[in-house]
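Here is the structure we will look at, set down as structure tokens.
The values are calculated or read from the model by the stated rules, or taken from the named source; none is laboratory data. Because the structure is a prediction, the values reported are computed rather than measured. As a convention, Cβ positions derive from the backbone with ideal geometry for all residues, glycine included, and neighbour counts pool all protein chains shown. With ligands, DNA and RNA removed, areas are computed over all heavy atoms of the protein, side chains included. Shrake-Rupley method; radii C 1.70, N 1.55, O 1.52, S 1.80 Å.
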Amino acid sequence: MSDAWSRWLLMFNTSDFTYALTVTVTVLLVISLITLISIKTKKISPPLPPGPKSLPLVGNLLSLDPDLHTYFTTLGKTYGPIVTLWLGHKVGIVINSPVLASEVLKHHDTIFANRDVPAAGEEATYGGKDIVWTPYGPKWRMLRRVCVSEMLSKSTLDSFYELRRREIRQTMGYFYSRVGLPVDIGEQMFLTTMNVVTNMMWGGTVKGDDRAGLGTELRLVVNGITQLLGMPNISDFYPGLARFDLQGVRKKMKVLAKKFDDIFETAIKQRKEIDEQEGSKDFLQFLLKLRDDKEAKMPLTMTHLKALLMDMVTGGTDTTSNSLEFALAELMNKPQIIQRVQEELDIAVGKNKMVEESHLSKLPYLYAVMKEILRLHPILPLLVPHCPSETCVVGGYTVPKGSRVFINVWSIHRDPSIWENPLEFIPERFLDGQWDYSGKDFKYFPFGSGRRICAGIAMAENMFLFSLASLLHSFDWKLPEGQKLDLSEKFGIVLKKKVPLVLIPTPRLSNPELYQ
Ligand code: HEM
């Protein structure tokens, strides 16, 4: 068996395919081949961007590396800033330069503000009814407005400060109870963000003994969802074969999404039962009110409502917690940077208090640490793929309507022609305030840019800074005896650490009562 074929099997998890299925696939692929050849031999002017030679039937699928972000970066070095890949029947376009990212996300923003919804995404979000996958248009605008102006606005976030404070204190209390013992940083930060998000949504939280159990389970579910979303799927590349769900991606996603759907159903039922007089103010109550608004121009359906909740519990948790895990991991390699952050914290907060959100504006060096982490490990390394609603020209090449466009922010953030020592973790490069998250500069845009820019920037910034400040102010951290730091990344729609970060906390604050 050739290397490429084994990789294919590995990536697509097809070991349980039966002989009969293989025959069926072959027949269907032959039909696909005829269509593919007819598309490829059509003269396109200007031409498609350059790219590696593709094979009949499969295009470039056999040579795809599972770590797509590094693979696309290598392709960029050979073929230039814009590359074509044939993903079965689908045209994939990879953008590796700031100039072309700007053409796509700024000059042609409206055309590219669409998504090529993968089968996995459709299954996870009630048929793609959420913000992430809804096509650009009135429905998306309505969802986005609800989310950005109401749920995640600065004033709403401010009103939930007590809740974040309580959760972060609880996490610090947990670490205090584990002094001298190894703790899984990613797991704990996931739990903290999940608790904040579910609390904001419907007042739900995981406490006490349930914390480890339910938290671990929810993390597995979210991990599973993001993994399936980032996984190449035959159904997406050969739409004619989608109904067979050959890799079982839809089936697996259905099981995972059902777990959250059950949680949403229970929360919705309970919320409806609570007398409004009790005045609970969470998003669910707000969304249920919107849903009952019969006058609304673009009504919010129950499906939209649940799809929005799904965006919050998946998009709002894994992104922030993985960024925090990368941050602590990079810092473990650079004790002098930890020292500088702690000095800043000791001046702004003092060692006789815990960090409050009001301290965050006095921590410019910590802010630079966050920016540098999102440069070196942009947590959505290819953004969420965009999809042009009409054929257009980018960088002098044709980008066909319906193609899947990957903006490789990971490679732009590590481009040596833009960044000095790009592979080094150097927060100082952000101290002059030159870079922000607005997406205006296509050399640095970890949250994306244009109409589809991340809807949760304020919350991400808040949770990241508050958590990291608390972790470094309350504790010193060390690796367990004999363990080496591993900073390698694992590709997925959300980038993860290949090896979970396990560290041992030692309290820094003199008064043990602060940790209670
Ligand atoms: C470190 C944390 C985070 C990072 C780096 C991040 C980054 C991103 C990126 C790169 C995109 C895609 C932009 C594009 O397609 O061009 C995105 C989309 C999105 N993010 Fe975030 N995100 C983070 C946290 C959050 C949080 C906390 C929430 C909400 C609670 C959130 C909600 C969303 C939503 C709803 C979208 C889809 C927007 C749309 O398609 O209109 N994100 N995010």
_One residue from L509, L471 being of a type in the set (A, V, I, L, M, F, W, C) and away from the ligand (no atom under 16 Å from the Cβ)_ = L509
*Quick check, is V399 surrounded by fewer than 20 Cβ atoms within 10 Å (Cβ to Cβ) and closer than 30 Å to V91 by Cβ?*
no
*Determine whether T78 is in contact with a Ser or Thr (Cβ under 9 Å, 6 or more places away or on another chain) and of a type in the set (V, I, T).*
no
*Applying the selection to segment 149-171, what residues are open to solvent by 20 Å² or more (accessible area, probe 1.4 Å), among the charged types (D, E, K, R) and within 14 Å of the ligand (Cβ to nearest atom)?*
E150, K154
*Within segment 111-148, which residues are open to solvent by 50 Å² or more (accessible area, probe 1.4 Å) and away from the ligand (no atom under 13 Å from the Cβ)?*
E122, Y126, P138
*Have a look at K90, K43 and point out the one that is without any contact (Cβ under 8 Å) to a residue 40 or more places away in the chain and basic (K, R).*
K43
_Residue under question is R145, and the condition is that it be modelled with pLDDT under 95 and closer than 26 Å to K440 by Cα; does it hold?_
yes
*Please specify each residue of segment 374-396 satisfying the condition of being open to solvent by 30 Å² or more (accessible area, probe 1.4 Å) and touching a Phe, Trp or Tyr at 6+ places or on another chain (Cβ under 8 Å).*
S389
*Could you check how many residues of segment 228-277 are β-branched (V, I, T), surrounded by fewer than 16 Cβ atoms within 10 Å (Cβ to Cβ) and in contact with a helix residue (DSSP H, G or I) (Cβ under 7 Å, 6 or more places away or on another chain)?*
0
*asked:* Which of the numbered conditions does R291 fail, given that it passes all the others? Conditions: (1) open to solvent by less than 30 Å² (accessible area, probe 1.4 Å); (2) away from the ligand (no atom under 15 Å from the Cβ); (3) under 16 Å from D130 (Cα atoms).
replied: (1)
*Regarding E217, is this residue at pLDDT below 90, over 20 Å from the mean Cα position of the chain (by Cα), open to solvent by 70 Å² or more (accessible area, probe 1.4 Å) and not β-branched (V, I, T)?*
no
*asked:* Please verify whether L36 is surrounded by 14 or more Cβ atoms within 10 Å (Cβ to Cβ), among the hydrophobic types (A, V, I, L, M, F, W, C) and either modelled with pLDDT of 70 or more or touching a helix residue (DSSP H, G or I) at 6+ places or on another chain (Cβ under 6 Å) (or both), treating the condition exactly as stated.
replied: no
*For I82, all conditions in the list (1) open to solvent by 30 Å² or more (accessible area, probe 1.4 Å); (2) at negative phi hold save one; what is the number of the exception?*
(1)
*Output the residue which, of all residues in segment 292-317 that are aliphatic (A, V, I, L, M) and not in a helix (DSSP H, G or I), is farthest from the chain's Cα centre (by Cα).*
A296
*Tell me, which strands (runs of 3 or more DSSP E) lie completely within segment 368-453 with 1 or more residues that are over 24 Å from K77 (Cβ atoms), out of contact with any Cys (no Cβ under 8 Å at 6 or more places or on another chain) and more than 12 Å from the ligand (Cβ to nearest atom)?*
392-394
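Across segment 309-332, which residue is surrounded by the fewest Cβ atoms within 10 Å (Cβ to Cβ) among those that are at pLDDT 95 or above and acidic (D, E)?
The residue in question is E330.
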_Being touching a Ser or Thr at 6+ places or on another chain (Cβ under 8 Å), basic (K, R) and at pLDDT below 80 narrows it down to one residue among R291, R271; which is it?_
R271
*Somewhere in segment 91-103, is a residue open to solvent by less than 10 Å² (accessible area, probe 1.4 Å), touching a Ser or Thr at 6+ places or on another chain (Cβ under 7 Å) and under 21 Å from L228 (Cβ atoms)?*
yes
*Among the residues of segment 346-363, count how many are surrounded by 12 or more Cβ atoms within 10 Å (Cβ to Cβ) and under 26 Å from S159 (Cβ atoms).*
11
*Consider T303 against the criteria (1) surrounded by 16 or more Cβ atoms within 10 Å (Cβ to Cβ); (2) in contact with a Phe, Trp or Tyr (Cβ under 7 Å, 6 or more places away or on another chain): it satisfies all of them except one. Which criterion is unmet?*
(1)
